[in-house]
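Only one structure is covered here, and it is reproduced in the block below.
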Amino acid sequence: MTAAPLVLLDSASLYFRSFYALPDSMTSPDGQPVNAVRGFADTVARILIERKPSRLVACLDADWRPAFRVEALPSYKAHRVAEAGDGSEEEVPDALTPQVPIILDLLDAAGLATAEAVGYEADDVIGALAHAEKASPVEVVTGDRDLFQLVRFSPTPVTVMYVGRGWNKVEIIGPPELAAKYSLPVDSAGDAYAEMAVLRGDPSDGLPGVPGIGEKTAAKLITDFGSLAGVLTAVSDPRDRRLTARIRTKLTEAAPYLAAAPTVVRVAVDAPVVLDRPDPVPAGPADVDRLLALKKRWNLGTSVDRLIAALRS
């Protein structure tokens, strides 16, 4: 029998997806949209029923744009900074912001653990918890491809449940699937993905990548040379004929970016994670009366009923 997993939720990714997937006509009695709350609660209930985790942690952003990443690469998420702000606030839809505290109230009343690390993103929290896990298989639930870098075989397997196209089209990504999807070596698929991402870049995060090197070329370079360090060693060795003159020039010109980008792309597995409570999934809601009160106050309907039923199953 397979051991019950530790499930790590990329909370912001999930409630952003719920916000955009469900209509804002889902409102509280006073007219406040609650579509993200309802979608998030339904997602958690479905995870509890279908994945049957023994432990679950909803991972949070304590800092959505950490200083150490911005110092390394000032363009990091710069396009998401709220207008007229000081750079510390993310541009979030007005109708979503008030829903986040409600989601946290639901998690607290349900008795499900949350975790964050001061000065770090949820990705880092997930990475640190996955890296440290030595007992249970880990399943990371996210709509963010950045977390593909965490997949591994041992000491316990880490897989990513990628919900980028919705739960009904979830992709379960482990090392074999990641290697096949991006033509990467299977034994080091997670690490190779992160290093490919450095070369390829990611405009959604303000990562320019190396101009002229796309995903296929990036994956081939990492596979052929074993690592980003191997690629850079070849660049600095004029006797190494495996690189074309064009690629060598592009990599040489991108040297400052390549020195900074790994700090930005790699999750910080040493992030100082703090959990608000132990992470075992409770046998029932911690405070069912409070959950029912939240259901009534915010008109959360069957979403709360499903969450209660999932916790009791």
Exercise. Express as a percent, rounded to the nearest 5, the fraction of DSSP beta bridges in the chain (both residues included) that run antiparallel.
Key: 35
Exercise. Multiply the residue separation of Asn168 and Ser236 by 0.36 nm, subtract the distance between their alpha-carbon atoms, and state the gained length in nm to one decimal.
Key: 19.8 nm
Self-check item: Proximal lysines relative to Lys250, as straight alpha-carbon distance under 29 Å, when same-chain residues fewer than 8 apart are discounted
Solution: Lys77, Lys181, Lys216, Lys220
Quiz item: Once you put a point 7 Å from the Cα of Ala293 and another 7 Å from the Cα of Lys216, both along the Cβ direction, what distance in nm separates them?
Solution: 6.0
Quiz prompt | Net lengthening on full extension, Gln32/Arg46 (0.36 nm per residue, minus Cα-Cα) | solution = 2.6 nm
Exercise. Over the chain, average the accessible area per residue using a 1.4 Å probe and give it in Å², no decimals.
Key: 46
Exercise. May I ask you to compute the full-extension gain from Thr156 to Lys181, defined as 0.36 nm times their residue separation minus their alpha-carbon distance, rounded to one decimal in nm?
Key: 6.8 nm
Quiz item: What's the angle, to the nearest 10 degrees (0 to 90), between helix 301-312's Cα axis and the longest principal axis of the chain?
Solution: 80
Quiz item: Mind checking the alpha-carbon convex hull of the chain and giving the volume per residue in Å³?
Solution: 136
Quiz item: With all protein chains present, how much of the accessible area of region 118-161 (probe radius 1.4 Å) comes from carbon and sulfur, to the nearest whole percent?
Solution: 58
Exercise. Go ahead and estimate [θ] at 222 nm for the chain from helices alone: -39,500 (n - 2.57) per DSSP H run with n ≥ 4, summed, over the residue count, rounded to 500.
Key: -13500 deg cm²/dmol
Quiz prompt | Prolate/oblate/rounded label for region 1-69 (Cα gyration tensor, a/c 1.5) | solution = oblate
Self-check item: Neighbour net charge for Ala286 - beta-carbon separation under 14 angstrom, K R +1, D E -1
Solution: -3
Quiz item: Which far-off residues, 5 or more places away or on another chain, put their amide H under 5 Å from the one on Met161, with H placed in the peptide plane?
Solution: Val140, Val141, Thr142, Ile173
Quiz prompt | Relative contact order computed over the chain (Cα-Cα under 8 Å; 6+ residues apart), in percent | solution = 25
Exercise. Looking at region 104-256, send over the antiparallel percent of its DSSP beta bridges, to the nearest 5.
Key: 50
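Expressed as a whole percentage, what fraction of the accessible surface of region 218-313 belongs to carbon and sulfur atoms when a 1.4 Å probe is rolled over the protein heavy atoms?
Summing carbon and sulfur atoms, their accessible area is 58 percent of the total for region 218-313.
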Practice problem: Distance between Cα centroids, region 217-258 to region 101-159: provide it in whole Å. | Solution: 33
Quiz item: So what's the Cα pair-distance distribution over region 182-286, bin width 10 Å, in %?
Solution: 13, 41, 23, 11, 8, 4, 1
Exercise. Report the one residue of Thr142, Ile172, Thr159 whose Cα lies farthest in the direction of the positive end of the charge dipole of region 124-216 (charges on C-beta: Lys and Arg +1, Asp and Glu -1; origin at the Cα centre).
Key: Ile172
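The values are calculated or read from the model by the stated rules, or taken from the named source; none is laboratory data. Predicted model, so just to flag it, every value in this text is computed and none were measured. Here the Cβ is made from the backbone with ideal geometry for all residues, glycine too, and neighbour counts use every protein chain on show. Only protein heavy atoms, including side chains, enter the accessible area calculation; ligands, DNA and RNA are left aside. Shrake-Rupley method; radii C 1.70, N 1.55, O 1.52, S 1.80 Å.
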